[in-house]
1. Restrict the check to the stretch 123-139 and report whether at least one residue is within 11 Å of the ligand (Cβ to nearest atom), assigned to a helix (DSSP H, G or I) and modelled with pLDDT of 95 or more.
2. Say we look at the stretch 182-195 and pick out the residues that are without any contact (Cβ under 8 Å) to a residue 40 or more places away in the chain and under 16 Å from Ala235 (Cβ atoms); which of these is surrounded by the fewest Cβ atoms within 10 Å (Cβ to Cβ)?
3. Do we find that Ser333 is assigned by TED's automatic domain parsing to the domain that holds Met123 and polar (S, T, N, Q) in this structure?
4. Among strands (runs of 3 or more DSSP E) lying entirely in the stretch 224-312, which contain 1 or more residues that are more than 16 Å from the ligand (Cβ to nearest atom) and buried (at least 21 other Cβ atoms within 10 Å of the Cβ)?
5. Out of the residues in the stretch 154-170 that are at pLDDT 95 or above and within 16 Å of Leu135 (Cβ to Cβ), which is nearest to the ligand (Cβ to nearest atom)?
6. Listed residues Ala193, Ala151; which is within 19 Å of Met246 (Cβ to Cβ), at pLDDT 95 or above and of a type outside the set (S, T, N, Q)?
7. Look at Leu369 and say whether it is assigned to a strand (DSSP E or B) and out of contact with any Ser or Thr (no Cβ under 6 Å at 6 or more places or on another chain).
8. Can you tell me which residue among Thr258, Thr292 is among the hydroxyl-bearing types (Ser, Thr, Tyr) and closer than 27 Å to Thr206 by Cβ?
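The values are calculated or read from the model by the stated rules, or taken from the named source; none is laboratory data. Quick caveat: nothing in here was measured; it's all calculated off a predicted structure. Glycine gets a Cβ as well: all are built from the backbone with ideal geometry, and neighbour counts include every protein chain shown.
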Amino acid sequence: ILPHMDDPSAFMVREKHMKFIPAAVATYYDEPLVPLAGKGSRLVDLDGKTYLDFFGGILTVALGHAHDRVTKAVIAQLQRLSHASTFYPTIPMVELAEKLIASAPGQLKKVFFTVSGSEADEMAVTLAQAHTGNLEVITLRHSYAGRTVMAQALDGLSSHRAVQSQIGAVKHAPAPYCYRCPLRLDPKSCGTACARDLKELVETTTTGRLAGMLVEPILGAGGCIPPPPDYFAIAAEIVRKHGGVMIADEVQTGFGRTGKMWGAQHFGLEPEIMTLGKGIANGLPMAATLCTEWIADSFTSRTISTFGGNPLACAAAGAVLDEIKEQDLVANSAERGKELRESLVRIQRQFPRMIGDVRGVGLMLGMELVRDETTMNRTPATEAVSQLMEETRRRGLLIGKGGLHGNIIRIAPPLNVSAEEIEEGARILMKSFSAIQGG
Ligand code: PMP
């Protein structure tokens, strides 16, 4: 029995949550799920039901729930110092900066800590603008950068933009979304035309002088969409030729999520700026922007994020990085991810009309559901995903969804998930598909 479970008024949370702005905060399921506690890949809700959590609080608990190493590090830090003036460097902050820089790709040698991914992406774009002296930024359709004013302008999903964008310097390029090619070409013979099209985008819709291009190495909220292997090489050449820098948003793809430490490494992309967030501190609010020394030198104004680099979050993130390294969790992500992907492909073979596409790498996987794959209309099966979410929940598995039409299932177990848990999750998923298909 956990606190709240024997308290009837706690169950009012389901009605009370409607007071939030927006009330849509808990609409993943018909009845909001109220988590009370978790351990590893398991989560327990208010009804005492235990779930296998394959979405980790939307990728925020990289090491699973209540990880002992993180808990110990945070408690020890809390007993010493929870916050100091943002004008003092603290030991956990400095130690974390060193660890991040040591694991970061290429020339990324400077760090700025923030509290959210939105803030980290804003800082990244501001750095690119300050460094290049140019304002215009390219990003991708179907991308997600967050909820601040600039982040909303960067978002490539109208579902996340409440009011008309107030920042005109953002241009959205067609997403490298091969399953639904924006140029209606065949990915086998297209020559990555979507990347080559960037040249025309720059030449026709901008001043020709770019601050940079912000990209998620694999589009996350947009529906787990990896680009063709050479996409970023072509894009980076065009962007740099026009004075811009490449910004990799690794908020979802970073920290081993994709079976490599950084998502950009799958595509040979060496960004000048990189942003991190979500799982970085295993659930504590923390994000960061990394950049090269020469870009950092261009940023001469004062800037403060009051809780950015908070010692508690830094202690947690330090523990996460140590655990990833010592337990070789990047390799675990690659291996378990491969097993899970194979299971998803097997499920696809059972339901070929409904499951149009299985994609992703490591433990960042997606399945796109359509009404009828055989007709090639590929009408998004939004309702089927909602039904599947209910079925998987009923059977004790938590997964996520995404995509412009909410027709893409997203799966992201903790990095230390076991082979048995992967099998268990795949079994539940297969049964849930059978249930909604009447199979
Ligand atoms: N970038 C990406 C790729 C994200 O997925 C998100 C969050 N879903 C953000 C930025 C924004 O992060 P936050 O919600 O912490 O502001």
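1. Scanning the stretch 123-139 turns up at least one residue that is within 11 Å of the ligand (Cβ to nearest atom), assigned to a helix (DSSP H, G or I) and modelled with pLDDT of 95 or more.
2. The extreme case among them is Leu183.
3. no
4. Those strands (runs of 3 or more DSSP E) span 245-249, 287-292.
5. Here the answer is Leu154.
6. Exactly one of Ala193, Ala151 is within 19 Å of Met246 (Cβ to Cβ), at pLDDT 95 or above and of a type outside the set (S, T, N, Q), namely Ala151.
7. Yes: the conditions hold for Leu369.
8. Thr292
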